[in-house]
Amino acid sequence: MNIHKRFLLFLIKLLLLLVLLPSSAFAQLNIFACAPEWGALAKEIGGTQVSVYAASNAAQDIHHLRARPSFLAKMRKADLVFCTGASLESGWLPVLLQKAGDPKVQPGNVGHLMASDYVMRLEIPEAVDRSMGDVHSEGNPHIHLNPHNLILIADELSKRLAKLLPQQAKLFNKNFEDFHTHWLSNIDRWEQQTLSLNNKNVVVYHSNWIYLLEWLKLNRIATLEPVPGIPPRISHLETVLNSVQDLNIKGILLTPYQQNKAAAWLSKHSDIPVIELPYTVGGNEKAKDLESLFEETLRILLGTDA
Amino acid sequence: MSRLCRWATACMAVALITCSQTVFSAENTDLTSLKNEIAEMRKLYEQKIMLLEQKVTTLQTQQDEIKNQAPAAQVASAPATSQRNIGSNDFNPSIGAILQGKYNSFSKRNSEFSGFAVGEEGERSSEGFTLDETEINLAASIDDKFRGSSTIALVQEDGTQVELEEAYIETLALPFGVNAKAGRFFASIGYLNEYHSHADDFTDRPLPYRVFLNKQYNDDGIQASWIAPTDLYTELGFGLFRGSDFPGGGEGDSNIGAWTAFGRIGGDVGDNSAWRLGLSTLQVDDLERSSNEDELEFVGDNKMYIVDSRYIWAPTGNNRDKELILQAEYMRRDEDGVYDDLAAGSGPVSYDEDQSGWYAQGVYKFHPQWRLGARYSQLNPGSVPSALLGTALDDQNHDPKSFSLMADWTNSEFSRLRLQYNAEELSDNNRDHQITLQYIMSMGAHAAHPF
């Protein structure tokens, strides 16, 4: 039959193409990191044994990314998918995993690491409804700005890497131990430095600062978005303005990717300064890795401390 | 003697004191550094303990969560209780429903494509208020290897009809970038064909999709694809289908009535833009299809080729704020067989002609909630055998074309309102000005953000 013959011919051509394409062998582990902070942590623990691809940069709102063709190509080669989880990447990660992910990076397998599974998540809602905006039933997913969380995640990461590349298990373990010791002394120093921030008030644009605020014992007085994911409107801003008028507010916290019109409006009407923090690795010129991210964040917060 | 003795004693005492003082001061520095070291160690261990405590609390919470779920699971084996439902709910698929509605206003009473055989869904939508399609989607992982999805559409066409739009299973765990799908689904040809219409950027499909695919080709069959391990995204795939959906039709004499093949490449340009280019084909053999409200019959083969392209640019880097999407597709179709226009009484006329069409569109998001778009589509009916002059396939030297402008407002990821204007000229001297107001709302499961 005509159609069968034509189809068979096509299949043969396809097979030929498959055979002729060079198969590449990798000595290293390929890591697909959804966010810059996970990319940076993967480099700390994986060292020279990993090749890290960070799917997003600090200028992008990770929740709103599209499943781009280049992501499919990277996912195809990934040995470990290292993302936030808690539905933060739910708009694009499942499509990538389904279309291009190897069995070992599928949920439940060793190559599938969702950082938020290994920390105490905050703001877990009792009930969810879309009228509450873009809330996550798993809790607030923006977990990386409490440095204690990073140790827990790094610990799990080193174990996963060791399972994926057992001949380098010792190295991964050593890298984790080094990171751990160094990070603990950092945390200690940072906590000493920021005692003056305790109990200060701030306004935030979106609910992605809660872990930093918890850590530094800062109070969140208001959020510019009426509900998570809905851009601020003037009526809501006026309500916020009323609620902050008699309070001593340190600043309005913004990430580099959040539009600052609403923050500028509030700042103009209330004299509260807008504080743009790097939020993640690459968020400003000096925030080159995790350590400098925290250094920068604290420097900016303290620098604006009256 | 006693003086000497006293002096010696004093000397010794001084020496002793000095000596002991040196020893003492040396011991003192050692002690301080030791103390510091201990303090340092204690701090380190305290922090380690704190870390462990944190871990324990996390585990405890997780265990509590599991415990909370456990009683329900145990009860599940017992006879019907209210808790039983809670237990089985855990494995419920994600449910999503799409509510769509339109209000259409047209300047012309009639709208007919000149020169094309058109299916029911390719025609202009009905005037006034219309519900369009209401979709219910159920999707879930079946186990660790398979995922299933089904979409049921309630369509308003001469009364409400239930349509099984999609019902398919797909593999989750095939290695080497291989993927397989089986069931009824939107075949991977072109760009738009794979997506449900509620994800479209305009209220209606562009002209080539309406005439060549009756809006969308979804058929029963299987499809396999492979993503190459290259830095440039490269995907190759093929499908085998029953061949009963438009442009197919009838049963034919073959088990496999249609096949598809597609190849796609894509990548990024810098951090802020991405592109994709595709080439695909749909080939249907021995089809028997009636169209144009059963007035036009075709028996024969249909070979179609599609080139699709898409480019996305986020000017600020963050596509949530601003985004430009450019998209264009070209379709070419060769029909080889026999046409019979029952209404015009042409009798069976042998037909072997190429027809083509294309569209290009741009959509610009200038505010997180607002977008503007423009689209142009045009068809080329090709030449008509003289025996078919005066029938529906007679193009009367007119190329159907349509120009659209749209503006939409997206409150959240789940709701969108849209206003669209079309200037549509499907046949000669019949320019139809169309205004459409549309809402698209999604309830339940979070939809994917496709490229």
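For this structure, a couple of remarks:
- Those helices (runs of 4 or more DSSP H) lying entirely in the stretch A:165-274 with at least 1 residues assigned by TED's automatic domain parsing to the domain that holds residue A:79 and over 22 Å from residue A:135 (Cβ atoms): A:169-193
Table: residues versus (1) within 11 Å of chain B (Cβ to nearest Cβ); (2) out of contact with any Lys or Arg (no Cβ under 9 Å at 6 or more places or on another chain); (3) modelled with pLDDT of 90 or more.
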| position | (1), (2), (3) |
| --- | --- |
| A:3 | yes, yes, no |
| A:13 | yes, yes, no |
| A:46 | no, yes, yes |
| A:57 | yes, yes, yes |
| A:85 | no, yes, yes |
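- Any hit, the stretch B:305-315, residues being in a loop (DSSP other than H, G, I, E, B), over 18 Å from residue B:214 (Cα atoms) and either open to solvent by less than 20 Å² (accessible area, probe 1.4 Å) or basic (Lys, Arg) (or both): yes
- Residue match in the stretch B:342-357 (condition: within 14 Å of chain A (Cβ to nearest Cβ), in contact with a strand residue (DSSP E or B) (Cβ under 9 Å, 6 or more places away or on another chain), open to solvent by 30 Å² or more (accessible area, probe 1.4 Å) and on the phi < 0 side of the Ramachandran plot): no
- Residue in the stretch B:291-299 that is within 9 Å of another protein chain (Cβ to nearest Cβ) and either out of contact with any His (no Cβ under 9 Å at 6 or more places or on another chain) or outside any strand (DSSP E or B) (or both) present: no
- Given (1) surrounded by fewer than 16 Cβ atoms within 10 Å (Cβ to Cβ); (2) part of a strand (DSSP E or B), number of the condition residue B:375 does not satisfy: (1)
- Answer from B:288, B:235 - the residue that is surrounded by fewer than 19 Cβ atoms within 10 Å (Cβ to Cβ) and part of a strand (DSSP E or B): B:288
- Residues in the stretch B:410-422 that are in a strand (DSSP E or B) and farther than 14 Å from residue B:203 by Cβ: B:410, B:411, B:412, B:415.
- Taking strands (runs of 3 or more DSSP E) as the structural unit, those lying wholly within the stretch B:98-166 and holding at least 2 residues that are touching a residue at least 60 places away in the same chain (Cβ under 8 Å) correspond to B:133-141.
- Residue check for residue B:230: without any contact (Cβ under 8 Å) to a residue 40 or more places away in the chain, within 24 Å of the chain's Cα centre (by Cα) and within 11 Å of chain A (Cβ to nearest Cβ): yes
- Cβ-Cβ contacts under 6 Å between residues 6 or more apart (or on different chains), taken from a first residue in the stretch B:393-417 that is open to solvent by 50 Å² or more (accessible area, probe 1.4 Å) to a second residue that is assigned to a loop (DSSP other than H, G, I, E, B), are listed as B:396/B:114; B:396/B:428; B:409/B:369.
- Only listed residue being among the hydroxyl-bearing types (Ser, Thr, Tyr) and touching a strand residue (DSSP E or B) at 6+ places or on another chain (Cβ under 9 Å), chosen from A:297, A:223, A:280: A:223
The values are calculated or read from the model by the stated rules, or taken from the named source; none is laboratory data. In this text the structure is predicted, and so the values were computed from the model without any measurement. Every residue, glycine among them, receives a Cβ derived from its backbone with ideal geometry; neighbour counts consider all protein chains shown. Keep in mind that these areas ignore ligands, DNA and RNA; they rest on the heavy atoms of the full protein, side chains included. Shrake-Rupley method; radii C 1.70, N 1.55, O 1.52, S 1.80 Å.
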